[in-house]
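Below is one structure; the comments refer to it alone.
We did not get these values from a lab; they are worked out from the coordinates using the rules stated. Just so it is clear, the model here is predicted, and its values are computed rather than measured. Every residue, glycine among them, receives a Cβ derived from its backbone with ideal geometry; neighbour counts consider all protein chains shown.
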Amino acid sequence: CESINREFSFRVRYGRPWGVLKWAMSLDGRIGLPNGCSKWITSTPSRDAVHQIRSKCDAVIVGGGTVRADNPLLTSRGKSKFEPLRVVFSRTLDLPQSSKLWDTKIAKTLIAFGPEGDEAFFSNLPVGPERLKLNSNNPSELLASLSKKGCNKILWECGPELATSAIEANCVQELVVFVAPKILGGKSSMTPLNSFGFESIQSTYKLQHSLLERKGEDLSWRLFF
């Protein structure tokens, strides 16, 4: 019973949704080539699995960098009757005026921004996306607001900077990592996370293994903090 109600119980207990962080990478831990190209590292079955994960979440969160680089749609591709809330978490509101996320006919969009956000961005934005001004850029404040909206489970599909901040703020309870049998090489910055500042192996995060399964030619690994 506890497992079935885990996300709801977590939100009631801690005042924020259960956080899942997902990323896809090559065997050598890269999320893209040095030129920024990242489509597609993983196979179709892996991407289909991501759509299935989205269908089980109440919201999907990305940062401004992901919106600028990928112009994502962030839907379950019809795997859920009710699409998750698409959340863009931006510090500055330096976002493109044209984005698939601003069209809310398919799914709702929430634009959350910190105190440095330039609200002039909204002057030419299509009607549809909801706005949420936050007092800080701390992911915990965003999740507290999503909890009040009834979100029990959220999916982080963001870049290294926001993913690292989310982990440091204890906003990630579960990891889903897709590993493709490819070697990309390139700059170390093209990795899923930024530095945590660890100086010893003993101080690093140690996760609990849950499930390792095959998705086409890839591996999907589910772990818990």
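Between the amide H of LEU110 and those of ARG86, VAL87, VAL88, GLU130, distances stay under 5 Å, these residues lying 5 or more places away or on another chain, with hydrogens modeled in the peptide plane. Quick one: among SER195, SER99, SER165, which has the greatest mean-square fluctuation in a GNM of the chain with alpha-carbon springs under 10 angstrom? Maximum fluctuation in the GNM of the chain, among the listed residues, is at SER195.
Within the range 42-131, the GluC sites (Glu not before Pro) that combine a DSSP coil assignment with at most 16 other C-beta atoms in a 10 angstrom radius are GLU116.
Could you check which residue among GLN208, GLN52, GLN173 shows the biggest mean-square fluctuation in a GNM of the chain with a 10 Å Cα cutoff? Of GLN208, GLN52, GLN173, the most mobile in the Gaussian network model is GLN208. Restricting the trypsin sites (Lys or Arg not before Pro) of the range 1-79 to loop positions (DSSP other than H, G, I, E, B) with no more than 11 neighbouring Cβ atoms within 10 Å leaves LYS39. So, R0 is 25 Å and r is the distance between the beta-carbons of PHE196 and ALA69; what FRET efficiency does that work out to, to 0.05? Efficiency computed from Cβ-Cβ geometry: 0.60.
Protection proxy ranking, highest mean first, for peptides 82-94, 176-188: 82-94, 176-188, where packing is the per-residue count of other beta-carbon atoms within 10 Å, averaged.
Which percent of the Cα-Cα distances in the chain go past 30 Å? Looking at the chain, the distances longer than 30 Å represent 22 percent of pairs. Between the beta carbons of LYS149 and ARG214, assuming R0 = 35 Å, the FRET efficiency works out to 0.45 to the nearest 0.05.
A DSSP coil position with no more than 13 other Cβ atoms inside 10 Å describes the following GluC sites (Glu not before Pro) in the range 140-199: GLU199. Across the range 97-225, the volume of the C-alpha convex hull divided among the residues equals 184 Å³ per residue. Couplings 3J(HN,Hα) for the range 195-207, derived from phi with the Karplus relation 6.51 cos²θ - 1.76 cosθ + 1.60 (θ = phi - 60°), are 6, 8, x, 5, 10, 8, 5, 5, 8, 6, 6, 10, 9 Hz, where x marks Gly and Pro. Computed extension length for THR44-ARG131: 28.0 nm, one decimal, from 0.36 nm per residue of separation with the Cα-Cα distance subtracted.
Computed over the alpha carbons of the range 15-136, Rg followed by Dmax gives 15.2, 44 Å. In this simple spin-label model, placing a label point 7 Å from the Cα along the Cα-to-Cβ direction at both TYR14 and ASN138 gives a separation of 1.5 nm.
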